[in-house]
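Have a look at the structure below, then the notes.
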Amino acid sequence: MIDARTTHVEQTEELAAALAALVRPRDIIVLSGEMGAGKTAFVRGFATGMGVSSDETVSSPTFTLVHTYDTGKLVIHHADLYRLGRLSDVEDLGLRELADLGDVVVIEWGNVAEEVLGDHLVVSLEVDDDEEDTRHVVVSVVGHTWDSRWEQLKRALAKWGN
């Protein structure tokens with residue numbers, strides 16, 4: 001587990017961009033945290049770090065469920081599962097299959113579907129009770145797809161170490 005702390009939204013975006021530098025095709029990243037914890041800000045930074053043009057608006061796909069961004073190298077699918085109540089609805093989106101095709105999938109509120117996603121990275125964001133702009137970020141892994149990159153990831157995120 002990696003513990004990190006950001007003190008403003010730009011730092012959360014920078015942390016996400018640092019993580020994005022280590023992403024490979026077929027990676028799934030699950031974001032968890034309460035409303036307003038910074039999940040969409042994380043995706044914005046992640047998308048920028050992956051090469052999504054600054055002209056392209058990265059926003060939460062709360063009602064459309066999935067937004068897709070083509071970086072020219074990899075395709076990123078940004079999903080928001082907040083409105084989905086059943087696991088079968090999540091399975092119908094085919095997020096695991098999109099990853100299996102070689103794309104990267106980032107899922108807000110993804111913790112509700114972890115059991116159907118296979119190996120993935122989990123990024124939990126929590127608002128600090130005392131400092132509204134501060135986020136406690138915990139990165140952990142399910143499975144083994146990040147084993148060979150774990151030390152690199154720890155170094156990449158050390159700047160925000162707790």
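Rule-based calculations on the coordinates, nothing more; no lab input. Being a predicted model, the structure only gives us computed values, none of them experimental. Here the Cβ is made from the backbone with ideal geometry for all residues, glycine too, and neighbour counts use every protein chain on show.
Some points to look at:
- Hits in the range 30-40 (condition: surrounded by 22 or more Cβ atoms within 10 Å (Cβ to Cβ) and assigned to a helix (DSSP H, G or I)): 39
- Sub-8 Å Cβ pairs linking a first residue in the range 125-141 that is under 12 Å from residue 36 (Cα atoms) to a second residue that is assigned to a strand (DSSP E or B) and of a type in the set (Ser, Thr, Tyr), at least 6 apart or interchain, are 125/32; 134/6; 135/6, ordered by first then second residue.
- Total residues in the range 52-94, condition closer than 22 Å to residue 33 by Cα, in contact with a strand residue (DSSP E or B) (Cβ under 8 Å, 6 or more places away or on another chain) and part of a loop (DSSP other than H, G, I, E, B): 8
- Condition met for residue 158 (more than 13 Å from the chain's Cα centre (by Cα), surrounded by 16 or more Cβ atoms within 10 Å (Cβ to Cβ) and in a helix (DSSP H, G or I)): no
- Restricting the range 95-151 to residues that are in a strand (DSSP E or B) and of a type in the set (Ser, Thr, Tyr) leaves a set whose member that is nearest to the chain's Cα centre (by Cα) is 124.
- Selection of the range 41-76 for residues being closer than 18 Å to residue 97 by Cα and either surrounded by fewer than 22 Cβ atoms within 10 Å (Cβ to Cβ) or in contact with a Gly (Cβ under 9 Å, 6 or more places away or on another chain) (or both) yields 65, 66, 67, 68, 69, 70, 74, 75.
- Odd one out for residue 141 among (1) surrounded by fewer than 16 Cβ atoms within 10 Å (Cβ to Cβ); (2) touching a Leu at 6+ places or on another chain (Cβ under 6 Å): (1)
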